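Participant: I'd like to ask some things about the structure below.
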Amino acid sequence: MKYLVWSLVTLVVIVGLMTVIGYLLPVAHTASRDALIAAPAPDVFATISDVARYPDWWSDISRVEMLTADGGRVRFREHMSSGPVVMEVEQATTPSRFVTRIADPDQPFGGTWTFELAPAGSGTRVTITESGEVYNPIFRFMSRFIFGYTGTMESCLRALEKRWSRQ
């Protein structure tokens, strides 16, 4: 019984510390990752901007549902292992810039992903910049110290590299 009480006290202290630290962290963050993709920018842009086909090349996304456009913007729900998230295309400037925004008020996070494409030799330098917000202090702590901000971006870039290495 004594071990159970100490275990519960320890758990409460840990969650309390995570919450306090989470409140001290900023809600907003910015993170970037880049990769050289072995394809011309217009081809890479076509792949990135065809959101309905993400599951064809990015194994982290199991399916995409296209939703009714809101104010002329493309909207879609992507399904990942962490659950579904509604997104919308905020900007598409062929072949250099593609911006998506989380359009799901039920998520404990929000923000944008900006894909910037620049010619680099015979390929394309793709930079993904996440301008994110994490509203829940415990999730903010976990995002900063446990999950990290860049894992999904790195996964996307690896998937793009793999997709174009098959060509």
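Participant: Which is farthest toward the positive dipole end of segment 1-154 among GLY123, THR10, SER62, measuring Cα position about the Cα centre, with Cβ charges +1 (Lys, Arg) and -1 (Asp, Glu)?
Facilitator: THR10
Participant: Charges only on Cβ, +1 for Lys and Arg, -1 for Asp and Glu: so what's the dipole of the chain about the Cα centre, in debye to the nearest 20? The partial results should precede the final answer.
Facilitator: Working: 16 positive and 17 negative charges, 78 e Å.
The calculated dipole for the chain is roughly 380 debye.
Participant: Rounded if a/c is under 1.5, else prolate if a/b beats b/c, else oblate: with a ≥ b ≥ c from the C-alpha gyration tensor eigenvalues square-rooted, which is segment 1-65?
Facilitator: On the way: a/c = 4.14, a/b = 2.52, b/c = 1.64.
Because a/c hits 1.5 or more and a/b exceeds b/c, segment 1-65 counts as prolate.
Participant: For ASP106 and TYR3, what does the FRET efficiency come to when R0 = 35 Å and r is the distance between their Cβ atoms, rounded to the nearest 0.05?
Facilitator: On the way: r = 39 Å, r/R0 = 1.10.
Working from the Cβ atoms, E equals 0.35.
Participant: For a Förster distance of 22 Å, can you work out the FRET efficiency between the beta-carbons of ASP70 and ALA31, rounded to the nearest 0.05? Please list the in-between numbers first.
Facilitator: Numbers: r = 27 Å, r/R0 = 1.21.
Result of the calculation: an efficiency of 0.25.
Participant: A further question follows. Going 7 Å from the Cα of ALA120 along its beta-carbon direction, which residues of segment 7-38 have the amide nitrogen within less than 14 Å of the resulting point?
Facilitator: Inside the label zone: 32-38.
Participant: I need the fraction of alpha carbon pairs in segment 1-132 separated by more than 25 Å, rounded to a whole percent. Could the numbers behind the result be given before it?
Facilitator: Working: 3554 of 8646 pairs.
Tail of the P(r) past 25 Å holds 41 percent of the pairs.
Participant: While we're on this one: Any idea how far the Cα center of segment 35-98 sits from the one of segment 132-150, in Å?
Facilitator: Using only Cα atoms, the two centres lie 23 Å from each other.
Participant: So how much slack lies between LEU11 and ALA38, counting 0.36 nm per residue of separation and subtracting their Cα-Cα distance, in nm?
Facilitator: Values: separation 27, 0.36 × 27 = 9.72 nm, distance 4.83 nm.
In short, 4.9 nm is gained.
Participant: Percent relative contact order of segment 1-144, based on C-alpha pairs within less than 8 angstrom and at least six residues apart?
Facilitator: Values: 262 pairs, mean separation 41.2, N = 144.
Averaging sequence separation for qualifying contacts and normalising by length gives 29 percent for segment 1-144.
Every number in this text was worked out from the coordinates using simple rules, so none of it is lab data. Note that the structure is a prediction, hence the values are computed from the model and not measured. Quick reminder, even Gly has a Cβ in these numbers, built from the backbone with ideal geometry, and neighbours come from all protein chains shown.
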